[in-house]
Amino acid sequence: MTAARRTLAPASDPRLRTVILVGYIAGFASLIAFLWYFRHDQVLLYGDAVAHINIARRVFDSRTPGLKQLGTVWLPLPHLFIIPFILSDWSWQTGFGGSWPFMIAYVAGVIGIFRLVRDGVAPASDMELSVAAPASRRRSRERLARENDEETRVLPPLGTRLAPWFAAVIFAANPNLLYLQATAMTESLYLALFIWAVVFLADFVRQRYSPDAAQHAKAGASLIWCGVCLALSMLTRYDGWFAAGVFCVFVFILLLRPPRTATDPQTHSRLRRAVLIFSALIIIVPAFWFTYNTAVFGDPLDFARGPYSARGIEQRTSQPGEAHHPGYHRLGTAAIYFIKSAELDMTEGPLERPWVALAALGVVLLLVYFRRIGAWLLLLVPLPFYALSIAYGGVPIFMPVWWPFSFYNLRYGLQLLPAFAVFLALGLYWALQRVPQPRWRATAAVLAFAFVAASYGFAWHNQPICLKEAVANARTRIAFERSLAEYLRLLPPNSTLLMYIGGHVGALQDADIHLSRVIHEGNHGDPKVWGKEGMWQRALADPAKYADYAIGFADDEVTKSAEAHHYPSLLVIHTVGQPAATIFGTHPPYPGMPALPSR
């Protein structure tokens, strides 16, 4: 058998070559999706995508450039990754540069899913079986292994070969993920980091309980890499903060359970150092973010309770006596809404429900037969996080099939996509291991891939629901911003604008007006020069001193300031579903503004 294995082994590692192939296929799919959506002007439909690009842009294109322009609420890592790709005015204005970091992350996520399943379903060593399974089940597995002939042991069984590809296809071919990774939305970046955190933690478990001393020595490095991925995910989305806490509990429980084989002092010392580094990585991110918010905004929790936080937006936009969003202070209802959004992110139509049922079956199989890969259960962490966020964090999810029958935050359901991919692949692996006839195994595999193809076919036929959400929410906003941009282009190229950009920075982007010409709410400036109030508040107090034109929306701070100073409104723009925009002149003459009626 050893000779046969050596004969079949290529000069290079076939496992690495397979991973490279997966990366190439994912990269090709990512590029095709991006070019399609870019050609159809759909990469800037999400208002959040526009905001992410412009937050990154204002780090170097601003009246007060610097890292303080990263702002609060949104975490900084996605914006730092975007910066190199939008140095060009064209790539910034068109949105072409904003997608690339998330396309790269998509490829990394596909590779991570493939590797997680491939290593998880690989034949376990005797020690791994002894740690993971009861004696009766262990003897059953050993008997199955003996029943395999020499050729089967040389060439991995069909389930072992197909399960990683099945998981990778479910993840990579998801229509909603393919759309989101083609935009400047953070989902694909977070998913990649979260998946790789699970990959490295699964490696840590496998290495720590391996009978091989060389594997023991690698466990510490895997734990450190898990910490790195978690720290980066915590700098990407707040989902990562909750996940990091759960991971820490999981690692703590593992450390309480020593391996069956003795560990030499040097390996034990390495592991202790790795645990300290892992802990430091988890702690340093919130410490940094609290310090940053205190230094820049005067409140360590400004991102959670400030005026631009999710809770602050909900309080500001809700009307007295208005019904709360579904799941408000109802954890069960919140969980149901999140699971339903996950179903809709997989497909729409008759195949929605089977996804949750099949994933639940995979979880049961893991708990009963595959407890050695229990780290996969961490893929379910998004479920309690989003249930809590909907119920108590002011984060609603609206969907067209349930009240209030609209689109809002439906993309959050994609956080369960890795769990769907992995647990359905585990179910396929289990089935193929127990079907005796080769033709029935082939039939089961074909049916599994056909189910995924049919589900995604329904999604493409109905249009991916995340794309429908983007289109529905962008329709009036884009019409409004294009109309405003039409008149902003008429302003003198050296003029300075006073404008709140939190809602409609896309108008400046469309008009190709550099943010360095705009005084906005993110301009604080040097306290020694501008005092505690900063440039923005100074400009609001005396707009004519700092700006040539003021652009106000409805009754925002700019509008109130301009009206208090009795500045003339040169133009008022009205569009359906958006607040009126008024261009005020701060002092005559007003070059570039034609005498046009309000529109």
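Within segment 151-173, can one find any residue that is hydrophobic (A, V, I, L, M, F, W, C), in a loop (DSSP other than H, G, I, E, B) and under 22 Å from Pro84 (Cβ atoms)?
Step one: filter segment 151-173 for residues hydrophobic (A, V, I, L, M, F, W, C), giving 154-155, 158, 162-163, 165-173.
Restricting the remaining residues to those that are in a loop (DSSP other than H, G, I, E, B) gives 155, 173.
Next cut, under 22 Å from Pro84 (Cβ atoms) only: none.
No, every residue in segment 151-173 fails to be hydrophobic (A, V, I, L, M, F, W, C), in a loop (DSSP other than H, G, I, E, B) and under 22 Å from Pro84 (Cβ atoms).
Could you name every one of the helices (runs of 4 or more DSSP H) located completely within segment 24-134 that has at least 3 residues being assigned by TED's automatic domain parsing to the domain that holds Thr183? It would help to see each step written out before you state the result.
Values: elements: 47-57, 77-82, 89-94, 100-121, 126-132.
So the answer is 100-121, 126-132.
Considering only segment 554-574, I want to know if a residue exists there that is under 23 Å from Gln93 (Cβ atoms), modelled with pLDDT of 95 or more and β-branched (Val, Ile, Thr).
no
Could you list, in sequence order, the residues of segment 234-283 that are acidic (Asp, Glu) and either closer than 13 Å to Leu223 by Cα or free of Cβ contacts under 8 Å to residues at least 60 places away in the same chain (or both)? Lay out the reasoning, then the answer.
Taking segment 234-283 as the starting set, the residues that turn out to be acidic (Asp, Glu) are 239, 264.
Asp264 - this is the single residue of segment 234-283 that is acidic (Asp, Glu) and either closer than 13 Å to Leu223 by Cα or free of Cβ contacts under 8 Å to residues at least 60 places away in the same chain (or both).
Among the residues of segment 542-549, is any in a helix (DSSP H, G or I), farther than 19 Å from Asp61 by Cβ, in contact with a helix residue (DSSP H, G or I) (Cβ under 9 Å, 6 or more places away or on another chain) and of a type in the set (A, V, I, L, M)?
Looking through segment 542-549, none of the residues is in a helix (DSSP H, G or I), farther than 19 Å from Asp61 by Cβ, in contact with a helix residue (DSSP H, G or I) (Cβ under 9 Å, 6 or more places away or on another chain) and of a type in the set (A, V, I, L, M).
Out of all the residues in segment 365-417, which are within 20 Å of Leu45 (Cβ to Cβ) and of a type in the set (Lys, Arg)?
Within segment 365-417, just Arg411 meets the criteria.
If a residue has to be under 35 Å from the mean Cα position of the chain (by Cα), surrounded by fewer than 20 Cβ atoms within 10 Å (Cβ to Cβ) and among the aliphatic types (A, V, I, L, M) to count, how many in segment 522-574 make the cut?
Here the count works out to 1.
Look through Phe480, Phe458 and report the one residue that is within 23 Å of Thr94 (Cα to Cα), touching a Ser or Thr at 6+ places or on another chain (Cβ under 7 Å), at pLDDT 95 or above and assigned to a helix (DSSP H, G or I).
Working: Phe458 fails: within 23 Å of Thr94 (Cα to Cα).
That would be Phe480, the only listed residue that is within 23 Å of Thr94 (Cα to Cα), touching a Ser or Thr at 6+ places or on another chain (Cβ under 7 Å), at pLDDT 95 or above and assigned to a helix (DSSP H, G or I).
Quick check on this structure: which one of Ile86, Ile113 is within 26 Å of Leu497 (Cα to Cα), in contact with a helix residue (DSSP H, G or I) (Cβ under 7 Å, 6 or more places away or on another chain) and touching a residue at least 12 places away in the same chain (Cβ under 8 Å)?
Numbers: Ile113 fails: within 26 Å of Leu497 (Cα to Cα).
The match here is Ile86.
Within segment 285-305, count every residue that is acidic (Asp, Glu) and crowded, with 18+ Cβ neighbours inside 10 Å. Quick ask: steps written out before the conclusion?
Going residue by residue through segment 285-305, those that are acidic (Asp, Glu) are 299, 302.
Okay, now just the ones that are also crowded, with 18+ Cβ neighbours inside 10 Å, so 302.
Total meeting the criteria: 1.
Okay, residues lined up against (1) over 26 Å from Ala197 (Cβ atoms); (2) in the same structural domain as Cys226 (by TED's automatic domain parsing); (3) surrounded by 15 or more Cβ atoms within 10 Å (Cβ to Cβ); (4) β-branched (Val, Ile, Thr):
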residue	(1), (2), (3), (4)
Asp345	no, yes, yes, no
Val356	no, yes, yes, yes
Gly374	no, yes, yes, no
Leu383	no, yes, yes, no
Gly393	no, yes, yes, no
Met399	yes, yes, yes, no
Phe405	yes, yes, no, no
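Do we have Trp430 as surrounded by fewer than 22 Cβ atoms within 10 Å (Cβ to Cβ), in contact with a Leu (Cβ under 7 Å, 6 or more places away or on another chain), modelled with pLDDT of 95 or more and in a helix (DSSP H, G or I) here? Explain how you work it out, then say what you get.
Values: surrounded by fewer than 22 Cβ atoms within 10 Å (Cβ to Cβ): yes; in contact with a Leu (Cβ under 7 Å, 6 or more places away or on another chain): yes; modelled with pLDDT of 95 or more: yes; in a helix (DSSP H, G or I): yes.
It is true that Trp430 is surrounded by fewer than 22 Cβ atoms within 10 Å (Cβ to Cβ), in contact with a Leu (Cβ under 7 Å, 6 or more places away or on another chain), modelled with pLDDT of 95 or more and in a helix (DSSP H, G or I).
For residues that are more than 14 Å from Asn54 (Cα to Cα), in a loop (DSSP other than H, G, I, E, B) and touching a residue at least 24 places away in the same chain (Cβ under 8 Å), scanning just segment 490-521, find the one that is farthest from the chain's Cα centre (by Cα).
Pro492
For Thr263, all conditions in the list (1) outside any helix (DSSP H, G or I); (2) of a type in the set (S, T, N, Q); (3) under 25 Å from Thr186 (Cβ atoms) hold save one; what is the number of the exception?
(3)
Kindly indicate the residue of segment 56-71 that is modelled with pLDDT of 95 or more and either small (Gly, Ala, Ser) or in contact with a Lys or Arg (Cβ under 6 Å, 6 or more places away or on another chain) (or both) and also surrounded by the most Cβ atoms within 10 Å (Cβ to Cβ) among those meeting that condition.
Top of the filtered list is Ala56.
Looking at Trp460, Trp440, which is the one that is touching a residue at least 40 places away in the same chain (Cβ under 8 Å) and farther than 30 Å from Ala507 by Cα?
Values: Trp440 fails: touching a residue at least 40 places away in the same chain (Cβ under 8 Å).
One residue alone meets the criteria, Trp460.
Is it fair to say Phe584 is surrounded by 18 or more Cβ atoms within 10 Å (Cβ to Cβ), without any contact (Cβ under 8 Å) to a residue 60 or more places away in the chain and more than 35 Å from the chain's Cα centre (by Cα)? Please lay out each step first, then the result.
Details: surrounded by 18 or more Cβ atoms within 10 Å (Cβ to Cβ): yes; without any contact (Cβ under 8 Å) to a residue 60 or more places away in the chain: yes; more than 35 Å from the chain's Cα centre (by Cα): yes.
Spelling it out, Phe584 is indeed surrounded by 18 or more Cβ atoms within 10 Å (Cβ to Cβ), without any contact (Cβ under 8 Å) to a residue 60 or more places away in the chain and more than 35 Å from the chain's Cα centre (by Cα).
The values are calculated or read from the model by the stated rules, or taken from the named source; none is laboratory data. Note that the structure is a prediction, hence the values are computed from the model and not measured. Methodologically, a virtual Cβ is constructed for each residue, glycine included, from the backbone with ideal geometry; neighbour enumeration extends over all protein chains shown.
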